[in-house]
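Just so you know, all these numbers are worked out from the coordinates, no wet-lab data involved. Since we're looking at a predicted model, the values are computed, not measured. Heads up, the Cβs are rebuilt from the backbone with ideal geometry, glycines too, and the neighbour counts pull from every protein chain shown.
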Amino acid sequence: MAVADTKTKIYQSKIDIRLEDREPLVELINRQLADTFDLYSQAKQAHWNVKGINFFQLHELFDALAASIEPYVDMLAERVTALGGVAMGTVRMAAAQSTLSEYPSNISTGDEHLRVMTDRVAAYAKSTREALRHAGELNDPTTEDLFTEISREVDKNLYFLEAHLN
């Protein structure tokens with residue numbers, strides 16, 4: 001399988017952010033885009049495959065989790081293009097770049113799915129905060145603000161997941 005070229009291409013733009021800052025910003029946002037798309041698909045995997053006594057509430061919880069994440073895929077991709085970059089947003093591109101662990105295909109119980117999703121959401125929350133700090137170092141308050149919004153939502157999602165664990 002061929003892996004997408006991840007070399008950053010930056011188009012001309014009149015945006016008032018230096019090219020020297022836009023290049024690493026595009027790379028940073030594309031990394032988060034990959035993790036976001038991967039987290040979305042993993043939440044859907046849990047939604048589709050959960051079994052057991054708490055099926056309905058967890059089925060709905062995982063679907064709500066996916067629905068809360070999905071808009072950020074578009075927001076991140078559009079931020080990349082606003083900076084003059086190319087959004088690396090296909091499923092294959094995301095899979096090649098995601099830092100999240102692969103979702104296990106051999107689990108089915110609600111408790112198993114909860115623990116896996118809690119781990120994934122916690123890892124994503126951490127990488128989002130790291131990206132937020134890095135965007136600040138690159139003098140882009142708009143991207144910082146986007147990461148702050150995502151961080152707020154992801155922390156809430158983590159709380160909802162952890163509330164189901166013993």
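Just tell me which lysines come within less than 29 Å, Cα to Cα, of LYS156; anything on the same chain fewer than 8 places away is out.
List returned: LYS44, LYS51, LYS126.
Let me know the charge dipole size of the stretch 1-100 about its Cα centre in debye, to the nearest 20, where only the beta-carbon of Lys, Arg (+1) and Asp, Glu (-1) is charged. Numbers along the way, then the final one.
Values: 10 positive and 13 negative charges, 41 e Å.
The dipole of the stretch 1-100 has a size of about 200 debye.
Quick check: residue separation of ASP21 and GLU149 times 0.36 nm, minus the Cα distance between them. What number comes out in nm? Each step should come with its number before you reach the end.
Working: separation 128, 0.36 × 128 = 46.08 nm, distance 2.14 nm.
Here the answer is 43.9 nm.
May I ask you to compute the full-extension gain from LYS51 to TYR11, defined as 0.36 nm times their residue separation minus their alpha-carbon distance, rounded to one decimal in nm?
On the way: separation 40, 0.36 × 40 = 14.40 nm, distance 4.77 nm.
Between LYS51 and TYR11, full extension yields 9.6 nm more.
Output the Kirkwood hydrodynamic radius of the stretch 1-109, Cα pairs only, in Å rounded to one decimal.
Values: mean 1/r = 0.0655 Å⁻¹.
Taking the inverse mean of 1/r over all distinct Cα pairs, the stretch 1-109 comes out at 15.3 Å.
Applying 1/(1 + (r/R0)^6) with R0 = 22 Å to the Cβ-Cβ distance of LEU165 and THR99, what FRET efficiency is obtained, to the nearest 0.05?
0.40
Could you give the angle, 0 to 90 degrees to the nearest 10, between helix 110-137's Cα long axis and the longest principal axis of the Cα atoms of the chain?
The answer is roughly 20 degrees.
Could you compute the FRET efficiency for ASN106 and ASP74, with r as their C-beta to C-beta distance and R0 at 30 Å, rounded to 0.05?
Details: r = 32 Å, r/R0 = 1.06.
The calculated FRET efficiency here is 0.40.
Report, in degrees rounded to the nearest 10, the 0 to 90 angle that the Cα long axis of helix 141-162 makes with the longest principal axis of the chain.
In the chain, helix 141-162 runs at an angle near 10 degrees to the longest axis.
Can you tell me the 0 to 90 degree angle between the C-alpha axis of helix 19-49 and the longest principal axis of the chain, rounded to 10?
Roughly 20 degrees between the two axes.
Per the Debye formula with a single identical scatterer at each Cα and no solvent contribution, what log10 I(q)/I(0) holds for the stretch 71-145 at q = 0.11, 0.22 Å⁻¹?
At q = 0.11, 0.22 Å⁻¹ the computed log10 ratios are -0.38, -1.14.
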